[in-house]
Amino acid sequence: IVFAITLSIYFHDRSELKHQRHEAKVFLLGLRQDLKTDIEEMNRYKKSYQNSEVIFRYITNRKLNEKLNADTISKYSNWIFNTTGLIPNSGRFEGFQTSGKIGTIETKKLQHYIMDQYQENIATLIVSTNDYTAKKQRLFEYLEANTKRITDSTNNRVSALASDQVDSGAFVTAFT
């Protein structure tokens, strides 16, 4: 009887270990795709940040009393008035971690990497992006309050962007 019980426990444990390994493998394959998608998304956003940097450097690096070129502002206006931020594909990680299965990944170094990626690296990126977005939002609000229509087809947005409040304020300097 003892032998039969021991043998039964042994086979049950092997079956459970095989099941855990399978779950970990499925998780890791899915996580790989999630990270690949996040990287592709971040590469698309990179272009947006680079264009934002171009226009904000242009605005802030001009000489005292130098006028902004309306055509340049027009060309880059999409990059002045947009916000970009990563929404990570973290549902798979959150579910796996919350269920207590992260320990089923046998390689401790890989466990550590995954935890760092989601709990530190991505979290830091989101905080930084949220700060960037908040500063851009203050710029939007400033421009909305200070942009006036001059004629039916023109406004003073270029001069509002050239103001000292924008140039030396927490808006533009935060982007460069």
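The values are calculated or read from the model by the stated rules, or taken from the named source; none is laboratory data. Treat the numbers as computed from the prediction; the structure is a model and nothing was measured. Counting neighbours? That spans all protein chains shown, and the Cβs are built from the backbone with ideal geometry, glycine included. Protein only, heavy atoms only, side chains kept; ligands, DNA and RNA dropped before computing areas. Shrake-Rupley method; radii C 1.70, N 1.55, O 1.52, S 1.80 Å.
Name the residues in region 52-86 that are touching a helix residue (DSSP H, G or I) at 6+ places or on another chain (Cβ under 8 Å), aliphatic (A, V, I, L, M) and open to solvent by 40 Å² or more (accessible area, probe 1.4 Å), would you?
VAL54, ALA70
Does region 20-32 contain any residue that is modelled with pLDDT under 90, farther than 22 Å from ALA123 by Cα, open to solvent by less than 80 Å² (accessible area, probe 1.4 Å) and among the small types (Gly, Ala, Ser)?
no
Which fully enclosed helices (runs of 4 or more DSSP H) of region 48-156 have 3 or more residues being among the basic types (Lys, Arg)?
Passing ranges, in order: 122-146.
Do the conditions hold for TYR132, that is, is it modelled with pLDDT of 90 or more and open to solvent by less than 40 Å² (accessible area, probe 1.4 Å)?
no
Mind listing whichever residues of region 97-123 are within 26 Å of the chain's Cα centre (by Cα) and β-branched (Val, Ile, Thr)?
THR98, ILE102, ILE114, ILE122
Given ALA160, ALA145, ALA70, which one is farther than 25 Å from LYS46 by Cβ and touching a Ser or Thr at 6+ places or on another chain (Cβ under 7 Å)?
The match here is ALA160.
So the check is Cβ under 7 Å with 6+ separation or different chains; which pairs have a first residue in region 152-167 that's over 18 Å from LYS135 (Cβ atoms) and a second one that's among the β-branched types (Val, Ile, Thr) and open to solvent by 80 Å² or more (accessible area, probe 1.4 Å)?
ASN156/ILE150
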